[in-house]
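Down below is the structure, laid out as structure tokens.
The values are calculated or read from the model by the stated rules, or taken from the named source; none is laboratory data. No experiment lies behind these values; they were computed from the predicted model shown. FYI the Cβ positions are ideal-geometry reconstructions off the backbone, even for glycines, and counts take in every protein chain you see.
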Amino acid sequence: MLSSLLNPSFTTTLPIHSILIPNNRRASTVVSCTSSHLTTNNHSHVSSPPNIKDEARRRPAAENDFTAKYVPFNAGFDSPETYSLDEIVYRSRSGGLLDVQHDMEALGRFDGAYWRALFDSRVGKTTWPYGSGVWSKKEWVLPEIDPDDIVSAFEGNSNLFWAERFGKQFVGMNDLWVKHCGISHTGSFKDLGMTVLVSQVNRLRKMNRPVVGVGCASTGDTSAALSAYCASAGIPSIVFLPANKISTAQLIQPVSNGSLVLSINTDFDGCMKLIREITAELPIYLANSLNSLRLEGQKTAAIEILQQFNWEVPDWVIVPGGNLGNIYAFYKGFKMCKELGLVERIPRLVCAQAANANPLYLHYKNGFKDFNAVKAETTFASAIQIGDPVSIDRAVHALRNTEGIVEEATEEELMDAMVQADSTGMFICPHTGVALAALIKLRNRGVIGAGERVVVVSTAHGLKFAQSKIDYHSGLIPGMGRYANPLVSVKADFGSVMDVLKDFLHNKSPDFNKS
Ligand SMILES: Cc1ncc(COP(=O)(O)O)c(C=O)c1O
Ligand SMILES: N[C@@H](CCOP(=O)(O)O)C(=O)O
């Protein structure tokens, strides 16, 4: 194929050992070259094999003219207001959101088959940086960044799990899938966006731009991702957390990764307001999804879903929503695939919210007239306890353009759905419980058909939320526990253990003779 010959990025499919290594690189003194400086490491006559970044440096640079820039959200391709991605800017002149706009004409010079084959060729490799599920789509993410500046944990490429038993048993479906974005480096989908944002910060710092540290407000997952990626690149990070509102497992992540952790006596919305004010004053780069760079990484989960279905399009994708960047990121990923000819249509989107923190749901019910923020109440889905989402306009846009739906779940519904899913072999977080509860409701109302293909996006690892599961199964949550599986305490003697086991076996198989 001529186009693939013209685009040198296909050379990434070459196995590492097949790349010619010039003799002068085999000296005992290893010289590594980065875009900003040369470093010399004297490793007493040990000839280090080239690492994956060295290999990337030796690859001929791709000769393409892919570019991206910031434009006001929803601006056309002829927007007079644009910003380079190397500028530090989060809002448009009118105070609105920004979006990263790609040069679709340049990307469109290659057809859908080309992009499908290119992306497929990079899966399952360790080639820098394409071994990452995000950077395997680099041309669509940050086309101009030097691979040397990328900070990646080879995130993405998460499991798309066929929820066979949950589907059959609880919603009468055969084609239900769970995209496990939470089985990831820091245990949530935030890694997908954070690799992009921290890579760009790395680049800005090498360009001597005024970025001393990176900061975010967080309900626990953004902070974990920010701290890990910053620690990996040696960049200072600062996280604003609402005091006593995030899980222990989430809290210990930025502490361990060396962030400055501020525990603030307010809720997430209060922390968000503060970080916006602080980042306007100090050379601290804002890492929340208000910063549209994050969504460039998160959108790759949508592309990955299509790829995992061999570029067949599911009917529905259900995403739990809080600050509402992710629902837009999914829309953007699907839309780019359609516009560039990888697929012919895009799925319908459902945004699922906890009833205790449901500003988007109320807005949807009101026909998207006059948005009102709410005071978000405590919810077991603590990472989406957000009443004033920064990406409200992005979410509405995504839903309007996909015949989208917003559904909500009460505390009991979301916890029951989580526990039911766990009982079929998953171990999901309460936010994924919100999405599954929404699915159950939409199935019960007949909105989603039994034969349709549905993907539920699982956003965090269940281990981050173990305490809520313990409380549920121990009967410690008033009014809840329909599906609890409590511990059985038993005396340490043969007879007592036998009695318990005989009861258990009899209940499982009434033919089993208890005596
Ligand atoms: C685990 C989890 N699920 C869902 C969400 C919602 O994502 P978004 O804020 O992009 O709507 C968040 C964060 O807000 C989260 O941490
Ligand atoms: N759930 C998020 C809330 C902030 O969302 P963001 O995507 O705007 O960073 C978190 O974990 O902090």
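Exactly one residue out of 383, 417 is within 20 Å of residue 470 (Cα to Cα), away from ligand 2 (no atom under 13 Å from the Cβ) and modelled with pLDDT of 95 or more, and it is 417.
Going by the conditions given, is residue 300 away from ligand 2 (no atom under 13 Å from the Cβ) and out of contact with any strand residue (DSSP E or B) (no Cβ under 9 Å at 6 or more places or on another chain)? Write out each step before concluding.
On the way: away from ligand 2 (no atom under 13 Å from the Cβ): yes; out of contact with any strand residue (DSSP E or B) (no Cβ under 9 Å at 6 or more places or on another chain): yes.
Yes: the conditions hold for residue 300.
Annotation for segment 280-302: no member residue is without any contact (Cβ under 8 Å) to a residue 60 or more places away in the chain, over 27 Å from residue 440 (Cβ atoms) and in contact with a Leu (Cβ under 8 Å, 6 or more places away or on another chain). Out of everything in segment 207-246 that is polar (S, T, N, Q) and more than 11 Å from ligand 2 (Cβ to nearest atom), what residue ends up being nearest to the chain's Cα centre (by Cα)? Checked segment 207-246; the qualifying residue nearest to the chain's Cα centre (by Cα) is 227.
Let's see how each residue does on (1) in contact with a Leu (Cβ under 6 Å, 6 or more places away or on another chain); (2) farther than 23 Å from residue 197 by Cβ; (3) in a strand (DSSP E or B):
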residue	(1), (2), (3)
62	no, no, no
70	yes, no, yes
75	no, no, no
78	no, yes, no
86	no, no, no
93	no, no, no
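Any residue at all in segment 344-352 that's within 17 Å of residue 188 (Cβ to Cβ) and within 15 Å of ligand 2 (Cβ to nearest atom)? Looking through segment 344-352, at least one residue is within 17 Å of residue 188 (Cβ to Cβ) and within 15 Å of ligand 2 (Cβ to nearest atom). For segment 388-431, taking the residues that are within 22 Å of residue 269 (Cα to Cα) and among the β-branched types (Val, Ile, Thr), the one that is surrounded by the fewest Cβ atoms within 10 Å (Cβ to Cβ) is identified as 410. For residue 252, the criteria (1) touching a residue at least 24 places away in the same chain (Cβ under 8 Å); (2) within 22 Å of residue 431 (Cβ to Cβ); (3) away from ligand 2 (no atom under 11 Å from the Cβ) hold in every case but one, which is (1).
Put simply, of 376, 421 the only residue that is part of a loop (DSSP other than H, G, I, E, B) and farther than 30 Å from residue 338 by Cβ is 376.
Test residue 132 against the criterion of being in a loop (DSSP other than H, G, I, E, B), in contact (Cβ under 8 Å) with a residue 24 or more places away in the chain, within 16 Å of ligand 2 (Cβ to nearest atom) and more than 14 Å from residue 306 (Cα to Cα), and give yes or no. Can you show your working first?
Numbers: in a loop (DSSP other than H, G, I, E, B): yes; in contact (Cβ under 8 Å) with a residue 24 or more places away in the chain: yes; within 16 Å of ligand 2 (Cβ to nearest atom): no; more than 14 Å from residue 306 (Cα to Cα): yes.
Against the criterion (in a loop (DSSP other than H, G, I, E, B), in contact (Cβ under 8 Å) with a residue 24 or more places away in the chain, within 16 Å of ligand 2 (Cβ to nearest atom) and more than 14 Å from residue 306 (Cα to Cα)), residue 132 does not qualify.
Quick check on segment 440-457. Is at least one of its residues touching a residue at least 24 places away in the same chain (Cβ under 8 Å), within 16 Å of ligand 2 (Cβ to nearest atom) and not in a loop (DSSP other than H, G, I, E, B)? Yes: one or more hits. Within segment 394-411, being charged (D, E, K, R) and more than 14 Å from ligand 2 (Cβ to nearest atom) holds for 400, 403, 407, 408, 411.
How many of the residues making up segment 424-436 are more than 17 Å from the chain's Cα centre (by Cα) and either at pLDDT below 95 or not in a loop (DSSP other than H, G, I, E, B) (or both)?
So in segment 424-436, the residues more than 17 Å from the chain's Cα centre (by Cα) come out as 424-427, 436.
Right, trim to either at pLDDT below 95 or not in a loop (DSSP other than H, G, I, E, B) (or both) and you get 436.
Summing the residues that are more than 17 Å from the chain's Cα centre (by Cα) and either at pLDDT below 95 or not in a loop (DSSP other than H, G, I, E, B) (or both) in segment 424-436 gives 1.
Taking segment 356-376, which residues are within 16 Å of ligand 2 (Cβ to nearest atom) and more than 22 Å from the chain's Cα centre (by Cα)? First the steps, then the outcome.
First, the residues of segment 356-376 that are within 16 Å of ligand 2 (Cβ to nearest atom): 356-360, 373-374, 376.
Within segment 356-376, 356, 373, 374, 376 meet the criteria.
Report whether or not residue 290 is touching a strand residue (DSSP E or B) at 6+ places or on another chain (Cβ under 8 Å), in a loop (DSSP other than H, G, I, E, B), more than 30 Å from residue 176 (Cβ to Cβ) and within 16 Å of ligand 1 (Cβ to nearest atom). In short, yes. Considering the conditions (1) away from ligand 2 (no atom under 16 Å from the Cβ); (2) more than 16 Å from residue 178 (Cβ to Cβ), residue 422 is excluded by exactly one of them, (2).
The rows are residues; the columns are (1) more than 20 Å from residue 246 (Cα to Cα); (2) within 13 Å of ligand 1 (Cβ to nearest atom); (3) out of contact with any Cys (no Cβ under 9 Å at 6 or more places or on another chain); (4) in a helix (DSSP H, G or I).
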{"site": "314", "(1), (2), (3), (4)": "yes, no, yes, no"}
{"site": "330", "(1), (2), (3), (4)": "yes, yes, yes, yes"}
{"site": "342", "(1), (2), (3), (4)": "yes, no, yes, no"}
{"site": "349", "(1), (2), (3), (4)": "yes, yes, yes, no"}
{"site": "383", "(1), (2), (3), (4)": "no, yes, no, yes"}
{"site": "386", "(1), (2), (3), (4)": "no, yes, yes, no"}
{"site": "403", "(1), (2), (3), (4)": "yes, no, yes, no"}
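Starting from residues that are among the small types (Gly, Ala, Ser) and within 20 Å of residue 134 (Cβ to Cβ), keep the ones in segment 317-343 and report whichever is nearest to ligand 2 (Cβ to nearest atom). Let's see the steps before the verdict.
Initial filter on segment 317-343 (among the small types (Gly, Ala, Ser)): 321-322, 325, 329, 333, 341.
Checking the rest, the ones that are also within 20 Å of residue 134 (Cβ to Cβ) come to 325, 329, 333.
Numbers: 325: 5, 329: 9, 333: 16 Å.
Only one residue tops the list, namely 325.
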